[in-house]
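The values are calculated or read from the model by the stated rules, or taken from the named source; none is laboratory data. All figures in this text were calculated on a predicted structure; none of them were measured in a lab. Every residue, glycine as well, gets a Cβ built from its backbone with ideal geometry; the counts of neighbours run over all protein chains shown. With ligands, DNA and RNA removed, areas are computed over all heavy atoms of the protein, side chains included. Shrake-Rupley method; radii C 1.70, N 1.55, O 1.52, S 1.80 Å.
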Amino acid sequence: MVSLWVVNASPIILLSKAGLIDVLKHLGCPVVIPEAAAEEIQRRGPSDVSAQALAQATWLATVDPGAIPSEVAAFVLGDGESAVLAYALANPGSGAILDDRAARHAAAMLAILHQGTLALVIQAKLFGLVSAARPILEQLRQDGMYLSDQLMNQALAQIGE
């Protein structure tokens with residue numbers, strides 16, 4: 001059971017574009033964002049939908065992950081991904097919300113439970129926050145989310161779409 005979720009920038013950016021950032025509040029435990037990931041979003045500027053959503057999400061605490069441990073640094077990830085994994089590793093029972101393939105691989109190698117935006121959109125459907133997940137995923141793919149047809153269709157089949 002996850003006691004805390006640590007989220008990276010890309011899920012916040014994508015969920016904000018879909019108007020679904022609040023799905024993070026329904027995960028059953030607190031959600032935090034490392035400073036590096038928050039700064040990545042804030043650099044997009046105050047008129048950006050994800051920067052606005054982050055500013056309005058008072059329930060989403062920004063945390064300092066501390067120094068990046070060598071076992072995380074060895075994966076040579078971006079600052080946000082490294083910070084997410086460092087914080088999750090330093091806080092046993094934490095899970096990571098990441099979309100980057102290399103970061104998800106690193107999470108698996110470090111035995112950190114992880115999920116991505118696809119799972120969050122599926123959960124939004126299961127929580128009743130949206131009536132259908134397929135149109136949201138299709139739009140997110142147009143907005144730059146990499147998601148193969150096969151993976152998307154497998155996930156949608158699990159919820160009857």
Query raised in the report: For Arg104, which of the numbered conditions (1) open to solvent by 60 Å² or more (accessible area, probe 1.4 Å); (2) in a helix (DSSP H, G or I); (3) at pLDDT below 95 fails to hold?
Result: (3)
Query raised in the report: Of Asp149, Asp79, which residue is farther than 17 Å from Val31 by Cα, open to solvent by 60 Å² or more (accessible area, probe 1.4 Å), more than 17 Å from the chain's Cα centre (by Cα) and charged (D, E, K, R)?
Result: Asp149
Report task. Determine the pairs where a residue that is among the hydroxyl-bearing types (Ser, Thr, Tyr), located within region 135-161, has a partner that is exposed (fewer than 12 other Cβ atoms within 10 Å of the Cβ) with Cβ atoms under 9 Å apart, the partner being 6 or more residues away or on another chain. Result -> Tyr146/Arg101
Report task. Provide a single number: the residues in region 87-99 that are under 15 Å from the mean Cα position of the chain (by Cα) and either surrounded by fewer than 20 Cβ atoms within 10 Å (Cβ to Cβ) or over 19 Å from Leu147 (Cβ atoms) (or both). Result -> 4
Query raised in the report: Among (1) open to solvent by less than 30 Å² (accessible area, probe 1.4 Å); (2) outside any loop (DSSP other than H, G, I, E, B); (3) in contact (Cβ under 8 Å) with a residue 24 or more places away in the chain; (4) closer than 19 Å to Ile33 by Cβ, where does Ile112 come up short?
Result: (2)
Query raised in the report: Do the conditions hold for Leu120, that is, is it out of contact with any strand residue (DSSP E or B) (no Cβ under 6 Å at 6 or more places or on another chain), within 25 Å of Leu4 (Cβ to Cβ) and either hydroxyl-bearing (Ser, Thr, Tyr) or part of a helix (DSSP H, G or I) (or both)?
Result: yes
Query - Filtered residues of region 1-35 (kept if within 22 Å of Asp48 (Cα to Cα), assigned to a loop (DSSP other than H, G, I, E, B) and at pLDDT 95 or above) - result: Asn8
